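These notes are about the structure you will find just below.
The values are calculated or read from the model by the stated rules, or taken from the named source; none is laboratory data. Everything numeric here is computed off the predicted structure, so don't read it as measured data. When we count neighbours, we look across all protein chains shown, and the Cβ atoms used for this are built from the backbone with ideal geometry, even at glycine. To get the accessible areas, we keep the full protein, side chains included, count just its heavy atoms, and leave off ligands, DNA and RNA. Shrake-Rupley method; radii C 1.70, N 1.55, O 1.52, S 1.80 Å.
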Amino acid sequence: MPTSILIVEDDAQVARVLQKFFAGDEFSVQVATNANTALAMAVAAPPDVVICDQHLEDSPPGLWLLDQLRDRSMLVGMILLTGDASIPPRESLRSGVVAYLVKPAPREQVMEGVQ
């Protein structure tokens, strides 16, 4: 069974690059452009891993999404992506966040977080 990944990214170019990282039969990938849509998608089909931008335009932040998933007892791993290196890792590496990566994150670091 393929590893299901939900990418939450409001930048279409970044989302495409991340999708390409997971091309192949061993992954099933869905993309959402905001946290509310991602939450609805996750409730409908729980992913194994969520890769989420922390700062989503016109949307609650990535850590909000993590809290919402936890409130629903969805124990998924989250890779938190950000272009803002000033977010303290202590906050972003709380329970459930398996990796905190600053964009542009190398493929190897993203893949390591998924595994």
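Considering only residues that are surrounded by fewer than 19 Cβ atoms within 10 Å (Cβ to Cβ) and among the hydroxyl-bearing types (Ser, Thr, Tyr), look in the stretch 69-88 and name the one that is modelled with the highest pLDDT.
Restricting to residues being surrounded by fewer than 19 Cβ atoms within 10 Å (Cβ to Cβ) and among the hydroxyl-bearing types (Ser, Thr, Tyr), the top hit is SER73.
In the stretch 58-68, what count of residues is obtained for those that are buried (at least 19 other Cβ atoms within 10 Å of the Cβ) and modelled with pLDDT of 90 or more?
The total comes to 1.
Going residue by residue through the stretch 26-37, is there one that turns out to be in a helix (DSSP H, G or I) and among the hydroxyl-bearing types (Ser, Thr, Tyr)?
Applying the first criterion (in a helix (DSSP H, G or I)) to the stretch 26-37 yields 35-37.
Next cut, among the hydroxyl-bearing types (Ser, Thr, Tyr) only: 37.
Within the stretch 26-37, one or more residues are in a helix (DSSP H, G or I) and among the hydroxyl-bearing types (Ser, Thr, Tyr).
If you scan the stretch 38-67, which residues turn out to be acidic (Asp, Glu), in a loop (DSSP other than H, G, I, E, B) and under 11 Å from the mean Cα position of the chain (by Cα)? Break it down stepwise before answering.
Step one: filter the stretch 38-67 for residues acidic (Asp, Glu), giving 48, 53, 57-58, 67.
In the following step, the residues that additionally are in a loop (DSSP other than H, G, I, E, B) were identified as 48, 57-58.
If the condition is that a residue be acidic (Asp, Glu), in a loop (DSSP other than H, G, I, E, B) and under 11 Å from the mean Cα position of the chain (by Cα), then ASP48 is the only one that fits.
If ALA35 passes every condition in (1) under 22 Å from PRO2 (Cβ atoms); (2) at pLDDT 85 or above; (3) touching a strand residue (DSSP E or B) at 6+ places or on another chain (Cβ under 7 Å) but one, which one does it miss?
Result: ALA35 fails condition (1) only.
If you check GLN115 against the conditions, is it at pLDDT below 85 and open to solvent by 20 Å² or more (accessible area, probe 1.4 Å)?
Against the criterion (at pLDDT below 85 and open to solvent by 20 Å² or more (accessible area, probe 1.4 Å)), GLN115 qualifies.
Does the stretch 33-51 include one or more residues that are charged (D, E, K, R), touching a residue at least 40 places away in the same chain (Cβ under 8 Å) and open to solvent by 30 Å² or more (accessible area, probe 1.4 Å)?
Step one: of the stretch 33-51, the residues charged (D, E, K, R) are 48.
Still in the list and also touching a residue at least 40 places away in the same chain (Cβ under 8 Å): 48.
Next, from what is left, pick out any that are open to solvent by 30 Å² or more (accessible area, probe 1.4 Å): 48.
Looking through the stretch 33-51, at least one residue is charged (D, E, K, R), touching a residue at least 40 places away in the same chain (Cβ under 8 Å) and open to solvent by 30 Å² or more (accessible area, probe 1.4 Å).
Among the residues of the stretch 19-30, is there at least one that is buried (at least 22 other Cβ atoms within 10 Å of the Cβ) and on the phi < 0 side of the Ramachandran plot?
First pass over the stretch 19-30, keeping only residues buried (at least 22 other Cβ atoms within 10 Å of the Cβ): none.
There is no residue in the stretch 19-30 that is buried (at least 22 other Cβ atoms within 10 Å of the Cβ) and on the phi < 0 side of the Ramachandran plot.
Could you grab me the full set of residues in the stretch 1-14 that are surrounded by 19 or more Cβ atoms within 10 Å (Cβ to Cβ) and not in a strand (DSSP E or B)?
GLU9
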